[in-house]
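Undergrad: Below is a structure I'd like to ask you about.
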Amino acid sequence: MACKTQAEQPETGGSAHIGFGTFERPFSAQSYWNARPVGVQLGDFQIPDSTYRPLVGEGPYSTTAFLADESDSPQQVFGIAGKPGLWELDGEQFIPGVTIPRWPSETIPASGSDGHADIVDPIDGVIHSFLNLKKGQDGRWTASMYAWTRLDGRGWGDPSHYYQGARAAAVPPMAGLVRKHEVNDGQPMYRHALAMSLAHNGLSSKRGYVFPATSADRTWKENTGGIPEGALLMLPEAFDTNLIDDPGLRKIAETLKVYGAYVVDRNHGTPFYIYVENGSKFAFQKPKWDAAVTKDLKRIQKALRQVVSVQGWIDGHGKEFDAVEHFNMLSMRGPWVKAEGSGEARYDTWTQSMVITGASAGSEFQHRNNRSFSAVDWARMKAGKSYTLQFKASEGIQMELKIFGTKGKRMLFNSHWLNNGDSVKFTWPGEQTRTVITVRKTASDGKESRARALVYPDNDLLRNPLINAVSTLH
């Protein structure tokens with residue numbers, strides 16, 4: 001099904017003056033949340049009916065974004081009872097807790113079982129994202145999971161920092177959210193893509209997620225539909241929004257024709273659910289649910305289709321941009337095992353670095369299980385491709401990368417010891433491999449030390465796969 005993108009109306013009034021990378025307008029202008037596709041081609045899969053009717057609105061499985069300021073005090077959030085700690089999603093590790101530097105006093109998590117809440121700290125430029133956040137009667141805050149993302153970033157995970165929010169697609173719940181200040185801003189549409197969940201019979205069992213998502217629900221293979229998480233869904237240009245009487249729903253539909261909605265999670269029995277920020281007082285025009293709204297929601301459900309290719313992208317400023325990115329393919333998440341000497345090593349997600357404490361000269365720490373290199377489906381290391389390994393560290397820290405074949409334990413690559421600022425090129429082997437990263441302390445200075453390695457592909461930028469898909473269709 002071919003489809004032209006509807007021409008977007010000029011952005012005036014309302015939130016038009018608000019800059020990107022802010023509380024009101026998160027992420028960069030070239031984030032796929034703020035960009036819109038042109039030359040769209042849509043697929044054929046239709047969202048099936050499920051237990052309930054489609055929904056647009058607030059609710060227990062939506063969220064609220066809370067704004068921190070300089071006067072707010074720090075707050076520690078611990079893991080929930082019965083667990084070893086707070087699960088830190090990026091590091092894939094339990095930690096005792098996390099201390100948020102500035103905690104808004106009005107923070108209240110969503111009431112649903114997911115308990116989502118996002119804390120936006122413009123001072124540090126960070127969105128802190130929690131799952132199952134609760135405040136006990138003793139004033140103690142707990143959560144089951146924690147992740148973070150840059151307020152001015154791309155709004156999605158990447159191959160190294162792959163989990164950047166508490167939604168299943170690894171994005172913060174406020175991404176794509178219809179915000180309080182947008183509901184009655186006088187604009188004909190929302191100036192960003194929306195966030196949507198589907199029921200299991202709409203989601204794909206063949207592929208858990210696609211670009212730009214970096215994760216999916218763990219039980220995605222139990223789905224029975226055809227749309228993976230991370231997919232962009234849009235209404236075709238021919239969809240007549242003038243037939244929608246309710247202005248709130250018409251604004252949603254106009255947005256779906258221009259920006260679309262990304263699938264970020266799975267729900268229970270709702271064909272599609274578009275999330276609105278709790279406390280927005282978003283409501284359809286009539287006080288009670290009426291047949292016309294039900295009919296229009298059903299019409300939207302039957303018309304929505306997955307975007308399978310595009311000809312290009314327009315950023316939030318209305319300018320065309322080349323949708324290519326250069327990703328780091330290596331994380332320092334570990335786990336790290338002490339191989340020699342004293343001290344301990346841990347992963348610090350906020351700096352994306354490994355931290356060594358209490359180590360004497362000659363102490364070595366190793367990571368041996370291949371989880372450092374990208375496991376994201378659309379960004380795996382490619383056999384025969386050239387890469388550059390860069391090393392950044394405190395004084396007196398060295399690193400070595402060895403790549404072994406899984407058969408015969410043959411060494412296929414050895415970076416030898418690298419110091420801060422060193423780099424080396426290597427070719428990824430064309431066979432199954434096992435990697436060993438060793439970090440060594442060379443000085444007994446008693447100081448905390450940090451190390452970070454990065455691996456970038458040489459001359460191999462990643463282009464948005466929806467653009468690549470065009471060449472296969474013509």
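The values are calculated or read from the model by the stated rules, or taken from the named source; none is laboratory data. Quick caveat: nothing in here was measured; it's all calculated off a predicted structure. Every residue, glycine as well, gets a Cβ built from its backbone with ideal geometry; the counts of neighbours run over all protein chains shown.
The rows are residues; the columns are (1) under 23 Å from G341 (Cβ atoms); (2) part of a strand (DSSP E or B); (3) of a type in the set (A, V, I, L, M, F, W, C).
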| site | (1), (2), (3) |
| --- | --- |
| L401 | yes, yes, yes |
| K447 | yes, no, no |
| R450 | yes, yes, no |
| N459 | no, no, no |
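Undergrad: Looking at the stretch 195-231, which of the residues that are of a type in the set (K, R) and part of a loop (DSSP other than H, G, I, E, B) is surrounded by the most Cβ atoms within 10 Å (Cβ to Cβ)?
TA: Within the stretch 195-231, the match that is surrounded by the most Cβ atoms within 10 Å (Cβ to Cβ) is R207.
Undergrad: Next question. Restricting attention to the stretch 369-382, does a residue exist that is in contact (Cβ under 8 Å) with a residue 40 or more places away in the chain, part of a strand (DSSP E or B), closer than 30 Å to S129 by Cβ and not charged (D, E, K, R)?
TA: yes
Undergrad: Kindly indicate which of G446, G421, G384, G405 is of a type in the set (G, A, S), surrounded by fewer than 19 Cβ atoms within 10 Å (Cβ to Cβ) and under 20 Å from R371 (Cβ atoms).
TA: None of the others qualify; the one that does is G405.
Undergrad: If you don't mind, there's one more thing I want to ask. Of the residues F391, F426, F365, which single one is buried (at least 19 other Cβ atoms within 10 Å of the Cβ), within 21 Å of P159 (Cα to Cα), of a type in the set (F, W, Y) and at pLDDT 95 or above?
TA: F391
Undergrad: Name the residue that is surrounded by the most Cβ atoms within 10 Å (Cβ to Cβ), counting only residues in the stretch 157-191 that are within 25 Å of S331 (Cα to Cα) and among the charged types (D, E, K, R).
TA: R167
Undergrad: When both residues are 6+ apart or on different chains and their Cβ atoms are under 6 Å apart, which pairs have a first residue that lies in the stretch 293-316 and is modelled with pLDDT under 95, and a second that is β-branched (V, I, T) and surrounded by fewer than 18 Cβ atoms within 10 Å (Cβ to Cβ)?
TA: No pair meets every condition.
Undergrad: Across the stretch 403-420, what is the number of residues that are farther than 15 Å from V436 by Cβ and either out of contact with any Ser or Thr (no Cβ under 8 Å at 6 or more places or on another chain) or not in a loop (DSSP other than H, G, I, E, B) (or both)?
TA: Matching residues across the stretch 403-420 total 3.
Undergrad: Restrict the check to the stretch 44-54 and report whether at least one residue is modelled with pLDDT under 95 and within 27 Å of F130 (Cβ to Cβ).
TA: Looking for residues that are modelled with pLDDT under 95 and within 27 Å of F130 (Cβ to Cβ), one finds none in the stretch 44-54, hence no.
Undergrad: Looking at Q352, Q398 in this structure, which one is touching a residue at least 60 places away in the same chain (Cβ under 8 Å) and buried (at least 17 other Cβ atoms within 10 Å of the Cβ)?
TA: Going through Q352, Q398 in turn, just one is touching a residue at least 60 places away in the same chain (Cβ under 8 Å) and buried (at least 17 other Cβ atoms within 10 Å of the Cβ): Q352.
Undergrad: Condition first: in a loop (DSSP other than H, G, I, E, B), among the polar types (S, T, N, Q) and over 28 Å from the mean Cα position of the chain (by Cα). Now tell me which residues in the stretch 342-368 satisfy that.
TA: Passing the criteria: S342, S360, S363.
Undergrad: Which one of these does A451 not meet: (1) surrounded by 15 or more Cβ atoms within 10 Å (Cβ to Cβ); (2) within 30 Å of V210 (Cα to Cα)?
TA: (2)
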